[in-house]
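The values are calculated or read from the model by the stated rules, or taken from the named source; none is laboratory data. Quantities reported herein were computed from a predicted structural model and do not represent experimental measurements. Neighbour counts run over all protein chains shown; Cβ positions are idealised from the backbone, glycine included. All accessible areas refer to the heavy atoms of the entire protein, side chains included, with ligands and DNA or RNA removed. Shrake-Rupley method; radii C 1.70, N 1.55, O 1.52, S 1.80 Å.
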Amino acid sequence: RTTTTSLAIAEGTGYGHATVIKLIKRRADKLEQFGTLGFEIQKSGGLPTKYALLTEPQATLLLTFMRNNPVVIRFKVRLVEEFYRMREQLKNTQAPAQLSRMEILLLVTH
């Protein structure tokens, strides 16, 4: 199952992570029509950061709630391309690649 995070969405769209989390919470009822929202805590140095784990449909829907600007549009295209690429990669391998959430985050944001 392919996922991304609210951290990757924030980085890719140029929105602050707090803004993305607020949008997720405000639209949680709609996002949860595509599965339960998952949250994890990232500990690295300073204060821990709570972030959301989003499935492909949740991430796609979340992006539709954002205002289009050149940065957001470029990220929407990259995210869709990456989800399709990952789906094809998983479909074409005997044993699905086990990517960590951090590897997925790096793939989507670069």
remark   = Inside segment 38-56, the number of residues satisfying the requirement of being open to solvent by 30 Å² or more (accessible area, probe 1.4 Å) and of a type in the set (A, V, I, L, M) is 2
ask   = In the set 103, 32, 88, 82, which member is at pLDDT below 80 and either assigned to a helix (DSSP H, G or I) or aromatic (Phe, Trp, Tyr) (or both)?
value = 103
key: Residue list for segment 57-73, restricted to those being part of a helix (DSSP H, G or I) and either open to solvent by 30 Å² or more (accessible area, probe 1.4 Å) or hydrophobic (A, V, I, L, M, F, W, C) (or both)   = 57, 59, 60, 61, 62, 63, 64, 70, 71, 72, 73
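Kindly indicate whether any position in segment 18-26 is open to solvent by less than 50 Å² (accessible area, probe 1.4 Å), small (Gly, Ala, Ser) and assigned to a helix (DSSP H, G or I). Steps first, answer last, please.
Our first condition is that a residue be open to solvent by less than 50 Å² (accessible area, probe 1.4 Å); within segment 18-26, this holds for 20-21, 23-24.
With the extra rule that they be small (Gly, Ala, Ser), the set shrinks to none.
For segment 18-26, residues open to solvent by less than 50 Å² (accessible area, probe 1.4 Å), small (Gly, Ala, Ser) and assigned to a helix (DSSP H, G or I): absent.
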request  = Name the single residue, out of those in segment 74-92 being among the basic types (Lys, Arg) and farther than 11 Å from residue 13 by Cβ, that is most open to solvent (accessible area, probe 1.4 Å).
outcome  = 91
key: residue 40 vs. criteria charged (D, E, K, R), at pLDDT below 95 and under 22 Å from residue 72 (Cα atoms)   = no
